[in-house]
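S.K.: Got a structure for you, questions after.
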Amino acid sequence: PEETVTSSFASFIHAVRPEHLSKVVRHRSKRMILDSIGVGLVGSTTQVFNLALQYCRLYSSVAVSSVYGKPGVKLSPTLAAFTNGVATHSMDFDDTWHPATHPSGAVLPALLAASQMLPPSTKPNGKDFLLAFNVGLEVQGRLMHFSTEAHDIPKRFHPPSVVGTLGSAAATAKLLSLSTAQCAHALGIAASLAGAPMANAATQAKPLHIGNAARLGFEAALLAARGMEANPLVLDDIPGCSGFSAFYSVYQPKPLSTPSDHHEFLLEKQDIAFKRFPAHLGMHWVVDAALSVRNLFINYAGSFSPSLIRTIVLKIPVSKYINRPFPSSEHQARHSFQFNACTALLDGEVGLGSFAESSIHRQELRELLDKVVVEHPEDNVANFDKMYGEVALLLHSGDILTGKCDTFYGHWRKPLSTESLLKKFRSNASHVLPEEKIETIITMVDNLENLSDSSQL
């Protein structure tokens, strides 16, 4: 039969082998796994995680899979994937790729749960686990590259709820050693389970998008393994009959070549962004710009004195859901250019405590927010690879101080050092784990290729 886009993806998922992973891909993906576990662990301390866990415990009959930050608590595999996915995105602290999505949180929870689900005789080793993780990343990245719309900050669908669901299906299908036909059906089934609207950004519902991507992709693979079928052309562009193209107004898919002696994964060419503080990725530009101008202000005035500031001008891209002048909740604050810039100016940092209710409603912060004016320069596009953040302080004296950031520390063009990544992981994990277990996880992930049973992770 003639090869289709969908069949080429299925053939790739089935045929790719651990030896196709380059040293660079293995290194970068292990950094992603470690960071994702860390943000999942600290995310298990949040209210939205506890709400999800309480719900899942009502329905957990075959409790074999572990839950982040809850020793002794186990759920059924798909509900564990859901709950841990919610934890991963509960603070908006998880990694971000380009085109924009959160790739690890949609895949890793499903693989961790599936590893514990499988009987002892068929447990995947570390190489199998690492390969399945990268299959999930690759499918997400390839699908996003099929649409020019996906390159910009999203307006309609939250990307991980779309490509993440298919990434989870692909990764789990690989881990479960599904046939080529079953891999194709898993992608088709996942397409019917995908999609969430951007209107729920900055609410407690947004972390559900990651949880559902992990869970529903996992379920799609399980259904395909049991014989359920779906449209074999779901990834193809068929005029008059939308498949995956329903999620994008512009969609031009291309076949994915079956790996031979070498396959260059997208992660080889496009590194990942790791966040230094728990907020939407766009906030990292304005925070670094604000910290820069804050230092100029202190050199100018001797200390940070808000009373000397007449106006704060933010030059940011047009993106309605992260332009929030006066956020009233932690989730709104994580999606507010104004809040994050003013917090950085006032405190000299943005961290976990910045999004506590007591911090959000401070009078001195409100007074700074009242001084903010937003501008949208034409050259500042809503694209994580091209945007910049600029913060200008217009002083009562008539002087103007300006800070600008076009590449924050943690962006794929300016990656976190190993030291910084480990510091973040240790800080996050310390909220729920003792030091010896934290160091065990670091060592285990670093040596993942040598792990004989990935369920130990």
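S.K.: Got a sec to turn the phi values of region 369-385 into Karplus ³J(HN,Hα) couplings, 6.51 cos²θ - 1.76 cosθ + 1.60 with θ = phi - 60°, whole Hz, x for Gly and Pro?
M.R.: Whole-Hz 3J(HN,Hα) from phi for region 369-385: 4, 5, 8, 7, 10, 9, 10, 10, x, 4, 7, 9, 8, 7, 8, 5, 9.
S.K.: With a cut-off of 8 Å between alpha carbons and a minimum separation of six or more residues, what is the relative contact order of region 281-405 in percent?
M.R.: 42
S.K.: Now a separate question. Below 8 Å between Cα atoms, with a sequence gap of 6+, how large is the relative contact order for the chain in percent?
M.R.: 21
S.K.: Which lysines, on any chain, are close to Lys123 with Cα under 19 Å apart, when same-chain ones fewer than 8 places away are left out?
M.R.: Lys74, Lys174
S.K.: Can you give the percent of C-alpha pairs in region 1-130 whose distance is more than 26 Å?
M.R.: 31
S.K.: Among the GluC sites (Glu not before Pro) in region 1-51, which ones are in a DSSP loop with at most 15 other Cβ atoms within 10 Å of the Cβ? Mind listing them?
M.R.: Glu2, Glu3
S.K.: Where does helix 5-15 land angle-wise versus the long Cα axis of the chain, in degrees 0 to 90, nearest 10?
M.R.: Relative to the chain, helix 5-15 is tipped by roughly 80 degrees.
S.K.: Taking Cα atoms of region 281-405, Rg/Rh with Kirkwood Rh, to two decimals?
M.R.: So for region 281-405, dividing Rg by the Kirkwood Rh gives 0.94.
S.K.: Additional query: Work from the charge dipole of the chain (Cβ charges, +1 for Lys and Arg, -1 for Asp and Glu, about the Cα centre) and give the residue of Ala181, Ser257, Thr6 farthest towards its positive end.
M.R.: Sorting the options by dipole projection puts first Ala181.
S.K.: To continue, here is another question. If Rh is defined by the Kirkwood formula over all Cα pairs and Rg also comes from Cα, what ratio Rg/Rh do you get for the chain?
M.R.: 0.99
S.K.: For the chain, give the magnitude of the charge dipole about the Cα centre (Cβ charges: +1 Lys/Arg, -1 Asp/Glu; no others), in debye to the nearest 20.
M.R.: 660
S.K.: Helix 159-175 versus the longest principal axis of the chain: what is the Cα-based angle in degrees, 0 to 90, to the nearest 10?
M.R.: Roughly 40 degrees between the two axes.
S.K.: Contour minus end-to-end for Ser303 and Ser452, with contour as 0.36 nm per residue of separation and end-to-end as the Cα-Cα distance?
M.R.: 48.0 nm
S.K.: For the modelled label position 7 Å from the Cα of Lys320 along Cα-to-Cβ, which residues of region 131-155 have backbone nitrogen atoms closer than 11 Å?
M.R.: It comes to 155, nothing else.
S.K.: How high is the relative contact order of region 200-300, in percent, with contacts defined as C-alpha pairs under 8 Å that are six or more residues apart?
M.R.: It comes to 10 percent, rounded to a whole number.
S.K.: Based on the Cα atoms of region 135-211, what semi-axes does the equivalent ellipsoid have, where each is the square root of 5 times one gyration tensor eigenvalue, given in whole Å with the largest first?
M.R.: Its equivalent ellipsoid spans semi-axes of 24, 14, 10 Å.
S.K.: Here's a follow-up. If you count only protein heavy atoms and use a 1.4 Å probe, how large is the accessible surface of Arg294, to the nearest 10 Å²?
M.R.: Its accessible surface works out to 40 Å², give or take rounding.
S.K.: Compute the FRET efficiency between Thr402 and Arg362 as 1/(1 + (r/R0)^6), taking r as their Cβ-Cβ distance and R0 = 35 Å, and round to the nearest 0.05.
M.R.: Efficiency, from the Cβ-Cβ distance: 0.90.
S.K.: Carbon and sulfur atoms: what percent of the 1.4 Å accessible area of the chain do they account for?
M.R.: Ligands and nucleic acids excluded, carbon and sulfur give 50 percent.
The values are calculated or read from the model by the stated rules, or taken from the named source; none is laboratory data. Quantities reported herein were computed from a predicted structural model and do not represent experimental measurements. Counting neighbours? That spans all protein chains shown, and the Cβs are built from the backbone with ideal geometry, glycine included. We work out accessible area using only protein heavy atoms, side chains counted, and drop any ligands, DNA or RNA first. Shrake-Rupley method; radii C 1.70, N 1.55, O 1.52, S 1.80 Å.
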